[in-house]
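Working notes for the structure below.
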Amino acid sequence: MSESTHLHEVPLVGIVVPVYNEEEALPAFHRLLCEQIDRLPYRFRIYYVNDGSTDGTAERLKEIQQADRRVCTLELSRNFGHQAALSAGLDAAEGDYVISLDGDGQHPPALIPEMLRLAEAGYEVVLTQRADTEDESGFKRWTSAQFYRLINRIGETRVLPGGADFRLLARPALDALRGMREYHRFLRGMVSWIGFRTVILPYQPPQRIAGKSKYTLKKMLRLARDAIFSFSLVPLYIGLSMGGLMLFLALVEMVYVLSLWLSGQRAQLEPGWSSLMFVILVVSGILMILLGFIGIYIGYIFQEVKRRPVYIIRKAVPAREDTAEA
């Protein structure tokens, strides 16, 4: 048996790492990653996705790729966001298993051996669940808990509380995920939706290697919006329920007015300006809320039907191992 044939019998693992302005953290992260994967009996291909970084991330990636034949780099044309960059890496990744994690060190590469062990045991999706840390603010912990409580209450797909985009997907699960081409992407919900045999691996996030979190409050709110409106129709039902309530109150009012007419108490029917304004304001508010929800869903539909790509790759540099095999 030739060496080439033997190599192709060894399982290939793709590792997807989206990065945005991680110039300081990248060299140390890559060393941590290599410390874990170099001792494992697999072939590895590492896909770094540069999500429109404006610092020296591109230069650091070039240096890493020159030193490691397994590294492939994808450079997006601009900053499309974490979910889009992650999707670009997953679409490009080859392998029997594909692992995604962030390049700031808070997704510990030390979990990779255990993730692969669980995959070899037959699990097609290995999810990780982040434990709360003292470094997180009380506000962030509270908002995260409320978000997962809300999305699991109103949505039809259960999303793992404390879940992260640090996961392993076997090839069948990855192919199923690739078939979901929606523009607004909430990958945690999408991975839960596809099903497959799943196991949860808890972990304690370490300190960031360098820099600060790129997930601002605005980005977190945008992700929450995409999750709610992509996986639930409950906002529309809220407006419908409010409309039904107002119709019920109108029926009660009609019965009350008829009772006064039939009992000869017409003098009490002089309309009051305050009660009239109250009803008008309540009905108008409900209509505006309902129209707002409908407008958001129509906006989502509009963005979907335009069929714009989720991301655009400006430049892709394959791993040198791929060139050698070709």
With the crude spin-label approximation of a point 7 Å out along Cα→Cβ, what separation in nm comes out for Arg307 versus Val199?
4.1
Give, as ranges by residue number, the residues of segment 36-68 whose backbone N falls under 16 Å from the point 7 Å along Cα→Cβ of Lys315.
48-67
What's the ranking of 40-52, 185-197 by average number of surrounding C-beta atoms within 10 Å, highest first?
40-52, 185-197
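On the accessible surface of segment 20-64, probed at 1.4 Å, how many percent belong to carbon and sulfur atoms?
Working: 920 of 1960 Å².
Here carbon and sulfur together make up 47 percent of the probe-accessible area.
The values are calculated or read from the model by the stated rules, or taken from the named source; none is laboratory data. None of these values were measured; they are calculated from a predicted model. Please note: Cβ atoms are built from the backbone with ideal geometry, for glycine as well, and neighbour counts cover all protein chains shown. Heads up: the accessible areas ignore ligands, DNA and RNA and are worked out on the full protein's heavy atoms, side chains in. Shrake-Rupley method; radii C 1.70, N 1.55, O 1.52, S 1.80 Å.
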